[in-house]
1. With a ≥ b ≥ c taken as the square roots of the eigenvalues of the C-alpha gyration tensor of region 17-86, please select rounded if a/c is under 1.5 and otherwise prolate if a/b is larger than b/c or oblate if it is not?
2. Can you work out ³J(HN,Hα) from phi for every residue in region 121-128, in order, using Karplus 6.51 cos²θ - 1.76 cosθ + 1.60 and θ = phi - 60°, giving whole Hz and x for Gly and Pro?
3. Applying 1/(1 + (r/R0)^6) with R0 = 30 Å to the Cβ-Cβ distance of residue 34 and residue 81, what FRET efficiency is obtained, to the nearest 0.05?
4. Quote to one decimal, in nm, the extra length available between residue 89 and residue 60 on full extension: 0.36 nm per residue of separation minus the C-alpha distance between them.
5. In whole percent, and with a 1.4 Å probe on the protein chains, what portion of the accessible area of the chain is carbon and sulfur?
6. For the chain, what does the accessible surface come to per residue with a 1.4 Å probe? Please give it in Å².
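The values are calculated or read from the model by the stated rules, or taken from the named source; none is laboratory data. This one's a predicted model, so the numbers in the text were calculated from it and none came from an experiment. Here Cβ is always computed from backbone atoms with ideal geometry, including for glycine, and neighbour counts include all displayed protein chains. Calculation scope for accessible area: heavy atoms of the full protein, side chains included, ligands and nucleic acids excluded. Shrake-Rupley method; radii C 1.70, N 1.55, O 1.52, S 1.80 Å.
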Amino acid sequence: MNTHTRFAGELVPLSTRIRNLQLFRLATAAVVLAFSLAPRTAVPSATRVLLAEVAGGYLAIAAVADCYWRASGQRALSVYSVLLLVDGLVLGWVGFDTGFTLSPFRYLILLHVGAVALLASHRTGMKVALW
């Protein structure tokens with residue numbers, strides 16, 4: 001059975017887009033972990049442990065949501081929406097806690113907006129950018 005059924009007007013299946021957003025979340029958490037644990041980075045030493053904990057919690061939330069997404073037969077879009085809010089909250093907090101406009105993570109917010117615009121929808125990308 002083909003798991004990538006295409007519908008009229010849909011160029012990329014929703015399951016593929018969700019998987020790619022999950023990969024983006026994994027990459028985002030890996031970047032935050034790498035910068036927070038690496039010596040001599042621009043991340044303040046007082047927040048390194050907290051950043052590592054936030055990145056781990058972020059991955060845990062994303063993993064639980066992904067398991068729920070796969071287990072639910074109806075593919076609950078509310079999980080998808082809540083994860084986008086969690087993404088924004090985590091990236092906003094990480095950027096704010098590490099120097100806001102001088103933060104080494106400020107570009108992750110722009111990458112997130114681009115990923116959402118490409119993988120979710122252009123309207124959702126605009127909502128995330130305005131939020």
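1. Values: a/c = 3.34, a/b = 2.72, b/c = 1.23.
Judged from the Cα gyration tensor, region 17-86 comes out prolate (a/c at least 1.5, a/b above b/c).
2. 6, 5, 5, 5, x, 5, 5, 5
3. On the way: r = 29 Å, r/R0 = 0.95.
Computed FRET efficiency for residue 34 and residue 81 comes out at 0.55.
4. Full-extension gain reported as 8.9 nm.
5. Numbers: 5760 of 8220 Å².
Carbon with sulfur: 70 percent of the solvent-accessible area.
6. Working: 8220 Å² over 131 residues.
That works out to 63 Å² per residue.
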